[in-house]
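The values are calculated or read from the model by the stated rules, or taken from the named source; none is laboratory data. In this text the structure is predicted, and so the values were computed from the model without any measurement. All Cβ positions, glycine included, derive from the backbone under ideal geometry; neighbour counts span all protein chains shown. Please note that ligands, DNA and RNA were not included when accessible areas were found on the heavy atoms of the full protein model with its side chains. Shrake-Rupley method; radii C 1.70, N 1.55, O 1.52, S 1.80 Å.
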Amino acid sequence: VNVENAAELVYFLIVIVKAFEMEIIPARRIVAQIGETLVLTCNTTGCASPSFSWRTQIDSPLGGTVDKQRTYSTLTMNPVSIVNSHSYLCTVFCGEKEKKEKSVKVELYSFPSDPIIEIRSSLVAGEPLVVVCEVPDVYPSNRLEVLIKKEEQVLHEQNFFEDDSTNTESKTVTHSFYPTAEDIGKEISCVAMLPIADMDFEPKERVTSQKLNANFGPQNTVITAYPGTSAMEGHPLNLTCVTESNPPPQIVWRKQLANESIQHLIENSAFFIPHAHFSDSGLYICEVINLVTNKTEKATVDIVIQGAPNIAELSIEPSTTVQEGRNVSIRCSAESNPPPKIILRRKSDSADLGLYSEGRILLPSVTFLNGGDYECVAENKFGRNKSEITLNVEFPPRNITVLVYPSENVKEGENVTITCSTYSNPPAQMVLKKVHQEKEIILPSVNGTFILYNVTKNDTGRYLLDVFNEVGNKIRVIEIGVVGRLEKPDQMIPLIIAFSSVTAVAVPVAAILIYVSRKAKINGSYSLVKALRLKV
């Protein structure tokens with residue numbers, strides 16, 4: 001029974017598993033227009049991991065891009081060109097033994113737009129009139145037929161059966177005739193036909209018409225502005241000049257500038273500004289010229305660009321970094337419509353430095369108190385904008401405080417700690433020098449602290465503390481006096497006891513003082529405020 005059930009199961013699985021098959025989509029014969037996009041898809045069923053290959057039957061370049069997915073592959077021609085006029089073959093392998101392939105033929109045509117008709121020469125009775133009909137980018141041109149008609153009357157017929165072009169071409173048909181006064185107002189048509197019966201595409205006929213009119217104009221010239229004459233800053237603005245004229249006129253756009261001069265812009269019926277700016281406000285002039293009638297007409301429109309302010313300039317003269325005593329000018333300007341209200345102020349101040357129509361602050365003989373971040377705020381009914389700039393005022397060291405610990409008069413063997421604090425911009429450096437020595441000793445500071453270890457009588461003397469930065473320097477004089485220790489034998493034991501007691505207190509105090517002095521550096525300078533508090 002189990003064997004019979006297993007046999008039935010195998011048979012059932014064989015029935016439900018699909019056989020290896022393939023297809024090309026679209027199938028059979030494809031008609032595509034040159035310049036468009038065509039995608040051929042080679043699809044499979046019944047194979048888990050097929051492999052694909054594309055080629056033309058004459059092994060020409062594919063002229064497209066191949067992309068493979070799990071069970072199908074695509075050949076994309078974007079855009080379709082004349083090189084794609086082939087039969088394409090898709091080959092699929094399923095494993096090593098199973099192989100299938102199919103082909104599809106791609107046939108091309110190009111008939112993308114209506115013909116262009118032009119009527120040359122003035123329409124005057126007794127003079128010849130030339131009708132020019134152009135059919136753009138047609139293929140195959142040897143199937144093209146062109147008719148030139150006046151109302152329903154065929155004036156001229158032409159085909160290109162002998163043409164051997166292998167790519168798209170624009171074909172032109174010209175016909176001249178002598179019009180009469182009765183022809184004025186009649187319709188001249190150019191009819192282009194591409195009647196390829198065995199190719200399925202539409203349209204196969206395109207028509208363009210134009211009425212015969214006497215030369216006139218320009219007249220009734222107007223300018224239209226979209227979205228309007230009051231546009232928003234940053235939005236697109238499209239100006240179109242519309243007129244009545246035959247033949248079509250030459251159209252020139254100009255703009256009247258603030259100094260009354262005229263700026264030439266463009267020669268076109270439309271003038272487009274993709275992102276309008278406040279400077280685009282002004283009077284625009286459309287000048288229309290009919291070269292046949294030798295007449296000119298103008299139309300004007302006043303454009304106003306509105307919007308929230310833009311900060312055009314925020315500057316500090318002579319520089320954003322100056323030394324104390326210099327004269328400084330801070331200037332802010334903004335552009336907008338309506339004109340903005342401008343406030344120029346220092347951010348750290350509780351009140352505005354003032355409202356300035358020109359947005360300017362004059363700081364004669366600046367001090368370090370004038371330094372900081374300045375903010376310009378421009379505002380109107382459409383919104384507000386702001387910008388910041390920093391004034392950096394440099395000054396030499398000042399408010400110098402020197403502390404000598406334990407004092408300026410010490411005993412031999414003791415350590416002398418000299419700490420210094422100051423306020424300056426940029427941060428000051430400190431150097432300690434001993435005066436009147438054959439060999440000058442210079443000690444750099446460590447976080448504003450100098451330590452003389454185990455002083456002797458030779459350390460007695462005058463010391464100069466030089467505190468300096470790029471702007472200037474200050475010197476402080478320190479007198480250090482060192483006296484000898486008591487050396488009587490009967491005093492040694494009390495002295496040792498006293499020294500031990502003092503050491504037990506002085507060492508932690510000195511350590512705390514040094515630690516605090518190192519932590520007291522503020523903005524690149526050194527402060528002993530906290531150290532002094534701890535000492536007290």
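Of note:
- Neighbour net charge for Glu479 - beta-carbon separation under 15 angstrom, K R +1, D E -1: +3
- Peptides 417-426, 258-267 ordered by packing proxy, namely the average of other Cβ atoms within 10 Å per residue, highest first: 417-426, 258-267.
- If you take all other residues with their beta carbon under 14 Å from the beta carbon of Val242, and give Lys and Arg +1 and Asp and Glu -1, the sum is -2.
- The value of relative contact order for segment 307-394, using C-alpha pairs under 8 Å at least six residues apart, is 38 percent.
- Size of segment 116-214: Rg and Dmax of its alpha carbons, in Å, are 14.7, 46.
- Solvent-accessible area per residue for segment 307-394 (1.4 angstrom probe, square angstrom): 53
- Summarising the label geometry, the points placed 7 Å from Cα in the beta-carbon direction at Glu244 and Ala258 lie 4.1 nm from one another.
- Seen from Thr460, the other residues with C-beta closer than 14 Å to its C-beta sum to a net charge of -1, counting Lys and Arg as +1 and Asp and Glu as -1.
- The slack between Lys99 and Gln219, meaning 0.36 nm per residue of separation minus the straight C-alpha distance, is 35.8 nm.
- Of Lys411/Lys434; Lys171/Lys204; Lys411/Lys474; Lys255/Lys381; Lys411/Lys433; Lys186/Lys298, pairs whose Cα-Cα distance is over 26 Å: Lys411/Lys474; Lys255/Lys381; Lys186/Lys298
- With coordinates expressed along the principal axes, the C-alpha atoms belonging to segment 126-282 extend over 62, 42, 23 Å, beginning with the largest.
- Per residue, segment 13-133 exposes an accessible area of 55 Å² to a 1.4 Å probe, with every protein chain left in place.
- Principal axis extents of the C-alpha atoms in segment 221-306 (largest first, rounded to whole Å): 41, 27, 16.
- Estimated FRET transfer efficiency (Asp349, Val304; beta-carbon r; R0 22 Å; 0.05): 0.05
- Whole-percent carbon and sulfur share, accessible surface of segment 192-278, 1.4 Å: 52
- Pairs of Cα atoms in segment 21-109 fall into 5 Å distance bins, from 0 up to the last occupied one, in shares of 3, 16, 27, 25, 15, 9, 4, 1, 0 percent.
- Largest-first principal axis extents of the Cα set of segment 211-361 (Å): 82, 27, 20
- If you take the alpha carbon atoms of segment 406-483 and fit the smallest convex hull around them, that volume is 89 Å³ per residue.
- Normalising the average separation of contacting C-alpha pairs (under 8 angstrom, six or more residues apart) by the number of residues puts the relative contact order of segment 406-483 at 38 percent.
- Sorting the segments 128-139, 373-384, 62-73 by their mean number of nearby beta carbons within 10 angstrom, highest to lowest, gives 128-139, 373-384, 62-73.
- Take 385-393, 236-244 and order them by the average number of nearby Cβ atoms within 10 Å per residue, most first; the result is 236-244, 385-393.
- Relative contact order of segment 221-306, defined on C-alpha pairs under 8 angstrom at six or more residues apart (%): 36
- Full extension of the segment from Val66 to Val31, taken as 0.36 nm per residue of separation minus the current Cα-Cα distance, would add 10.6 nm.
- Bridge type composition, segment 221-306 - antiparallel percent by DSSP, nearest 5: 90
- Shown is the FRET efficiency for Glu388 and Asn458, computed with R0 = 41 Å from the Cβ-Cβ distance and rounded to the nearest 0.05: 0.10.
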